Amino acid sequence: MAAEIRLFPCLSDNFGYLIHDPASKATASIDAPEAAPVIKALQREGWHLTDILVTHHHADHVGGIAELKQKYDCRVVAPHDKAAAIPLVDERVKEGDTVMVGTLSARVLETPGHTLDHVSYVFDSERALFAADTLFSVGCGRVFEGTYPMMWDSLKKLRALPDDTRLYCGHEYTAANVKFALTIEPNNPALKARAAEVARLRAENKPTIPTLIGDEKRSNVFLRADDADVAAALHMKGMTAADVFGELRERKNKS
């Protein structure tokens with residue numbers, strides 16, 4: 001039986017996620033921005049929380065852990081970097097590790113840049129990627145703790161996933177990302193199509209997530225910093241992809 005995934009809003013613009021294994025009844029929350037929406041979603045579905053899979057230490061991703069741990073006695077899985085302030089961790093994971101949620105298998109990818117401890121979880125059999133604040137639809141996270149080359153390497157790692165992998169990211173930032181991307185690639189047909197789709201979804205108060213990695217490769221300028229046309233648009237012909245990515249991110253920071 002296929003996993004069941006539920007998406008719901010948390011805080012001001014975070015996404016909360018539950019992934020449920022019908023075979024074992026195990027349920028994981030991907031991060032825990034705040035407890036109440038997670039509890040509400042669990043109660044609505046009749047599920048019991050068995051795991052929290054943490055992507056990174058930022059407060060808007062770990063704020064609900066303590067309350068959920070107390071209520072459900074769930075396992076907390078977190079990145080291996082113990083310097084990061086993540087409460088009540090039961091298990092640490094690193095690149096190449098596998099985390100089981102019942103019979104569901106999640107592969108751990110280290111995706112630093114936004115933070116040094118950031119990891120992403122890939123449920124290969126489900127074609128589902130939980131990338132939190134590394135990769136957004138038509139965007140990427142700010143580089144707070146890492147370097148631009150580090151973040152670019154993380155994005156390439158996620159870009160290499162199969163095109164039919166669904167991206168579940170940490171925030172509803174797509175409309176703002178589209179607005180910026182159009183300043184770089186106003187004639188990109190995939191981006192223009194995505195812009196129209198996002199405008200329709202937001203007008204209907206619907207989330208813009210999930211999206212597909214294949215679609216992101218065509219519409220997300222941050223995933224194509226190694227494309228000659230993107231470099232040319234920035235007047236950076238001959239520069240490294242990491243440099244081009246850094247310029248894109250700097251421009252987005254100021255937009």
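Any read-out appearing in this document is the output of simple, stated calculations on the displayed coordinates, not a laboratory observation. If you're wondering where the values come from, they're calculated on a predicted model, not measured in any experiment. Glycine gets a Cβ as well: all are built from the backbone with ideal geometry, and neighbour counts include every protein chain shown.
Of the cross-linked pairs LYS156/LYS192; LYS206/LYS254; LYS25/LYS179, which ones have a Cα-Cα span greater than 30 Å in the structure shown? Intermediate values should be presented prior to the final figure.
Numbers: LYS156/LYS192 23 Å; LYS206/LYS254 27 Å; LYS25/LYS179 41 Å.
The pairs that break the limit, which is 30 Å between Cα atoms, are LYS25/LYS179.
Test of understanding: what is the full-extension gain from ASN253 to ALA23, defined as 0.36 nm times their sequence separation minus their Cα-Cα distance?
On the way: separation 230, 0.36 × 230 = 82.80 nm, distance 4.41 nm.
Gain on stretching ASN253 to ALA23: 78.4 nm.
According to the Kirkwood expression over distinct Cα-Cα pairs, how big is the hydrodynamic radius of the chain, in Å? Intermediate values should be presented prior to the final figure.
Numbers: mean 1/r = 0.0542 Å⁻¹.
Hydrodynamic radius (Kirkwood, Cα only) of the chain equals 18.4 Å.
Modelled label-to-label distance, SER125 and GLU91, 7 Å Cα→beta-carbon offset: nm?
1.5 nm
Of all DSSP beta bridges in the chain, what percent run antiparallel (nearest 5)? Each step should come with its number before you reach the end.
On the way: 27 of 40 bridges.
Restricted to the chain, the bridges split so that about 70 percent are antiparallel.
Which whole-Hz ³J(HN,Hα) couplings does the range 109-114 yield from phi under the Karplus relation 6.51 cos²θ - 1.76 cosθ + 1.60, θ = phi - 60°, glycine and proline marked x?
Karplus values, whole Hz, x for Gly and Pro: 10, 7, 10, x, x, 4.
Are there GluC sites (Glu not before Pro) in the range 84-177 that DSSP puts in a loop and that have at most 14 other Cβ atoms within 10 Å, and which ones?
Values: sites: GLU91, GLU95, GLU110, GLU126, GLU145, GLU172; in loops: GLU95, GLU145, GLU172.
Those satisfying the criteria are GLU95.
So for the range 74-216: antiparallel DSSP bridges make up what percent, rounded to the nearest 5?
Details: 15 of 22 bridges.
Antiparallel bridges make up about 70 percent of those DSSP assigns within the range 74-216.
Tell me whether the range 71-126 comes out rounded, prolate or oblate; compute the Cα gyration tensor, take square roots of the eigenvalues as a ≥ b ≥ c, and use a/c under 1.5 as the rounded threshold. Display every interim value, and only then the final one.
On the way: a/c = 2.30, a/b = 1.10, b/c = 2.08.
Oblate shape, in that a/c is at least 1.5 and b/c is the bigger or equal ratio.
Per-residue HN-Hα couplings for the range 31-39, Karplus 6.51 cos²θ - 1.76 cosθ + 1.60 at θ = phi - 60°, whole Hz, x for Gly and Pro?
Per-residue couplings from phi come out as 6, 8, x, 7, 6, 4, x, 5, 4 Hz.
Loop-only check: which trypsin sites (Lys or Arg not before Pro) in the range 184-225 are DSSP coil with at most 14 other Cβ within 10 angstrom? Show your work: numbers first, answer last.
Values: sites: LYS192, ARG194, ARG200, ARG202, LYS217, ARG218, ARG224; in loops: none.
Loop-located and lightly packed - none at all.
Which length gain, in nm to one decimal place, applies between ALA36 and GLU4 when the Cα-Cα distance is subtracted from 0.36 nm times their residue separation? Kindly include the intermediate steps, with their values, before the conclusion.
Working: separation 32, 0.36 × 32 = 11.52 nm, distance 2.02 nm.
That works out to 9.5 nm of additional length.
Neighbour counts of other C-beta atoms within 10 Å: give me VAL221, VAL178 arranged from fewest to most. Can you show the working numbers first?
Numbers: VAL221 27, VAL178 24.
Going from sparsest to densest Cβ surroundings: VAL178, VAL221.
Loop-only check: which trypsin sites (Lys or Arg not before Pro) in the range 73-157 are DSSP coil with at most 14 other Cβ within 10 angstrom?
Sparse-neighbourhood loop trypsin sites (Lys or Arg not before Pro): LYS82, LYS94, ARG142.
Using helices alone, what [θ] at 222 nm do you get for the chain, with -39,500 (n - 2.57) per DSSP H run of 4 or more residues, divided over all residues and rounded to the nearest 500?
On the way: 9 runs with 88 residues, N = 255.
Calculated at 222 nm, the ellipticity per residue is -10000 deg cm²/dmol.
Sorted from largest down, what three extents in whole angstroms do the Cα atoms of the range 180-246 have along their principal axes?
The principal-axis extents, from largest down, are 43, 20, 17 Å.
For ILE52, what residues show an amide H to amide H distance below 5 Å, using hydrogens built from the backbone and excluding near sequence neighbours?
SER29, ARG75, VAL76, VAL77
From the phi angles alone, apply the Karplus equation (6.51, -1.76, 1.60; θ = phi - 60°) to the range 201-207 and give each ³J(HN,Hα) in whole Hz, x where the residue is Gly or Pro.
My calculation for the range 201-207 gives 4, 5, 5, 8, 6, 10, x Hz in order.
When THR208, THR111 are ordered from fewest to most other Cβ atoms inside 10 Å of their Cβ, what list results?
Details: THR208 22, THR111 28.
Ordered from fewest to most neighbouring Cβ atoms within 10 Å, THR208, THR111 come out as THR208, THR111.
Which whole-number percent is the relative contact order of the range 4-254 (Cα, under 8 Å, 6+ apart)? Display every interim value, and only then the final one.
Working: 521 pairs, mean separation 32.6, N = 251.
Computed over the range 4-254, the figure is 13 percent.
In debye, nearest 20, what is the charge dipole magnitude of the range 109-233 about its Cα centre with +1 on Lys and Arg Cβ and -1 on Asp and Glu Cβ, if you could check?
Charge dipole, the range 109-233, about its Cα centre: 420 debye, nearest 20.
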